[in-house]
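Everything below concerns the one structure shown next.
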């Protein structure tokens, strides 16, 4: 919401008189700007924290505009402007704590040939205690699905060897997607994974324990090496994480029916 500055100038003498009557003396403000923007600096009590928050906001916008440009929602000029901000303030993409771990997860997945259809996605999340958890995509699930499962297993202290999704459930979903819905891939996005996890929780206490930890992901920082699919983005948004991603598509099939 924006306010016409001329209106501020017109009403300011009235506001100034009201403040004078309240305080019993002269008003401390000499203009609308003095009353508004000039006061903002006095609310900063920790300059270092404020600078870091500003830096992280520039980084989030940098990744966001690059993705929007790749999808045709923003123009090149918008991307160039935020890139100039990055140069002016000497900010690098990897200054966002979850970026390098996500890159490493993608490279590790490629080294182990764990991707899906020739695409290797990595994802990383920074938990509230500063722990970094990673995940990558596979023929079974998307990188965001792997990431969330790894994160809640860590939070619930569930050993890595314990399966949260039994083969009976994953096979059932696989049959539904390929045999009935005629989809080309069986890899589960985050929304599908969360539904499968809730089904597993009816008979698997470990899955129930893991589900209870999902709320602890809210406001955590997440980065992905590829643009999330609609199912991944919706799931991450509902979990309340702060997501950024690289401007690479996670599928070779860009047709939108």
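The values are calculated or read from the model by the stated rules, or taken from the named source; none is laboratory data. Since the model is a prediction, treat every value here as computed from it, not as a measurement. Note that each Cβ is placed from the backbone with ideal geometry, even for glycine, and that neighbours are counted across all protein chains shown.
Structure values in brief
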{"item": "Selection count, the stretch 73-91, where residues are within 19 Å of the chain's Cα centre (by Cα) and exposed (fewer than 12 other Cβ atoms within 10 Å of the Cβ)", "result": "1"}
{"item": "Subset of the stretch 111-130 [farther than 19 Å from residue 228 by Cβ and either free of Cβ contacts under 8 Å to residues at least 60 places away in the same chain or in contact with a strand residue (DSSP E or B) (Cβ under 8 Å, 6 or more places away or on another chain) (or both)]", "result": "111, 112, 113, 127, 129, 130"}
{"item": "Meets criteria (without any contact (Cβ under 8 Å) to a residue 12 or more places away in the chain, touching a helix residue (DSSP H, G or I) at 6+ places or on another chain (Cβ under 9 Å), farther than 30 Å from residue 15 by Cβ and part of a helix (DSSP H, G or I)) for residue 81", "result": "yes"}
{"item": "Unmet requirement for residue 185, which otherwise passes all of (1) at positive phi; (2) in contact with a strand residue (DSSP E or B) (Cβ under 7 Å, 6 or more places away or on another chain)", "result": "(1)"}
{"item": "Flag for residue 95 being at pLDDT 95 or above and either surrounded by fewer than 24 Cβ atoms within 10 Å (Cβ to Cβ) or touching a helix residue (DSSP H, G or I) at 6+ places or on another chain (Cβ under 6 Å) (or both)", "result": "yes"}
{"item": "Pairs with Cβ under 6 Å, 6+ apart, first in the stretch 36-49 and assigned to a helix (DSSP H, G or I), second surrounded by 10 or more Cβ atoms within 10 Å (Cβ to Cβ) and at pLDDT below 75", "result": "none"}
{"item": "Filter result for residue 127 (assigned by TED's automatic domain parsing to the domain that holds residue 214 and surrounded by 21 or more Cβ atoms within 10 Å (Cβ to Cβ))", "result": "no"}
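Yes/no per residue for (1) touching a strand residue (DSSP E or B) at 6+ places or on another chain (Cβ under 9 Å); (2) assigned by TED's automatic domain parsing to the domain that holds residue 233; (3) at pLDDT below 95:
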site	(1), (2), (3)
19	no, no, yes
51	no, no, yes
62	yes, no, no
80	no, no, no
